[in-house]
Structure formats: C-alpha cells, structure tokens
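The values are calculated or read from the model by the stated rules, or taken from the named source; none is laboratory data. Because the structure is a prediction, the values reported are computed rather than measured. Here the Cβ positions follow ideal geometry from the backbone for every residue, glycine too, while neighbour counts run over all protein chains shown. Surface areas here come from the heavy atoms of the whole protein model, side chains and all, with no ligands, DNA or RNA. Shrake-Rupley method; radii C 1.70, N 1.55, O 1.52, S 1.80 Å.
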Amino acid sequence: MAWQGLAAEFLQVPAVTRTYTAACVLTTAAVQLELLSPFQLYFNPHLVFRKFQVWRLVTNFLFFGPLGFSFFFNMLFVFRYCRMLEEGSFRGRTADFVFMFLFGGILMTLLGLLGSLFFLGQALTVMLVYVWSRRNPRVRVNFFGLLTFQAPFLPWALMGFSLLLGNSILVDLLGEPACASSPDPPETGCLVPDDLWEGSQAGCCTRAQHPPGMDLSPVFPPPLPALPAPLFFWPLE
C-alpha cells in the first residue's frame, strides 16, 4: 500500500519534471549497479561528432555523480524548482517549458565545448534555480538557517556555497548565461480579474477588462498548494 501511495503521488508530478527526475535517478542507479559506466555518459565532442555517439548529448545532463551528498543536493533542487516552474509560470504550457529545456541545454552544450566540461547536469540545476528566482523576485528565502535574502540572490548563494566546499564554480557560471539569455515565456493575453491581478505570480497574463459574470476558470485556474520546502531553503513569504 505504501508503494501504491508513493506511485500515485509521483504520478501527480507534472510530466516534464517527472520524466527528467526519473531519468536522472534511473541513470544513477544503473551506474551504481555497474550496468553503465560514467565513461559511457560523459560529454565528449570527439566521440559525439566523429564516432556518432549522440546519446552523450543527453546523458551528460542525467548523471550527478555517485550516490552521496552531491547527488541528493542536486536532485532535491532539480525536483523542487523544476516542479514549481512547471506548476507556476509554465502551467498549462508544457511545450514552452520543453523549449526552455532544449534552448538551455543546447546553449550549455556549446559553452561546455569551451570549458571542457564532462557533465552539465549541475549547470541545468543552476538554470532552473535562476529562472525561478527571476520569476519570483519578491520571495524571501532562508539559506541553511543562516542568511535571509530575496530570491534573485539564491543562485549566487549556491555559487558561494560551492566555492566554500572547494568545488569549481565553472559549472555554476555556465548555467547563468544559459538562463539569462533564454527568452521569457511569451505573454498569453489571458483575462485576469482586477482583484486577482495583484496576487498573481504566474507572470504570464496581461491585465485586461472582462465582462461582468464572465467565467475565467479555464484561463486562470486556482493556484496549487505550496510544496514543502527543504531544510536548506525555506521561503519566508
């Protein structure tokens, strides 16, 4: 019964978040079981363009290292911010969300050629965090219970945390231009009531007058309940 409840909860996760998270977990499990080797997954332009091992263009985004703190840290951030974006700013616009993934992935791959990086999953995580922080600039967050700041500073806090741990920040820097240059979701032109406009955080609607009594539920569905925040990232409002 517990597995059935867990499966039902997982099926409620939006499609893109569910697919990407499952692919990352299955890839890591296959490496742990020695069904795959990291040498079969990493990004290598020579093998991609001369040996036609095109799967490396995808698999380098799916492996975050062996099971450990780094893996769970990145997966928690990926799952949380990918889900919040898909259920928030990109709600009902799966194609736009997939396009953002593809655009960011292609740009990070091109920049990865210059930096000689082998795995770009962490850069994709930074991209998701950066896009969410841009879409929610007024949210205050608490980082590890030590620092409180506005959401736009969260990517830089993660970069500083990586630096304190002695990790290279090149991957974090790679994710910044990828998401900064990605186009914002287009305006949908949907009609939003005046009393709901001020509290809207969807960021995808234009204010417009609507006829009295008009049913706006198809274009402005009710907000979803907030997700539980992880220990190291606690929204304050």
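Observations on the model:
- Positions within the stretch 82-99 being closer than 28 Å to V31 by Cα and at pLDDT below 90, in sequence order: none
- Failed condition for W156, given (1) more than 20 Å from T27 (Cα to Cα); (2) in contact (Cβ under 8 Å) with a residue 60 or more places away in the chain; (3) among the aromatic types (F, W, Y): (2)
- Any pair with Cβ under 7 angstrom, 6 or more apart, that starts in the stretch 33-56 at a residue that is aliphatic (A, V, I, L, M) and ends at one that is open to solvent by 50 Å² or more (accessible area, probe 1.4 Å) and part of a loop (DSSP other than H, G, I, E, B): V48/V54
- In summary, T94 fulfils each of the numbered conditions (1) open to solvent by 10 Å² or more (accessible area, probe 1.4 Å); (2) farther than 19 Å from F10 by Cβ; (3) in contact (Cβ under 8 Å) with a residue 40 or more places away in the chain with the single exception of condition (2).
- G105 being in a helix (DSSP H, G or I), surrounded by fewer than 22 Cβ atoms within 10 Å (Cβ to Cβ), of a type in the set (G, A, S) and over 16 Å from the mean Cα position of the chain (by Cα): no
For (1) among the hydroxyl-bearing types (S, T, Y); (2) open to solvent by 60 Å² or more (accessible area, probe 1.4 Å), each residue gets a yes or a no:
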| site | (1), (2) |
| --- | --- |
| V13 | no, no |
| Y42 | yes, no |
| L47 | no, no |
| K51 | no, yes |
| F69 | no, yes |
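- Tally, over the stretch 137-173, of residues that are open to solvent by 70 Å² or more (accessible area, probe 1.4 Å) and under 23 Å from L114 (Cβ atoms): 6
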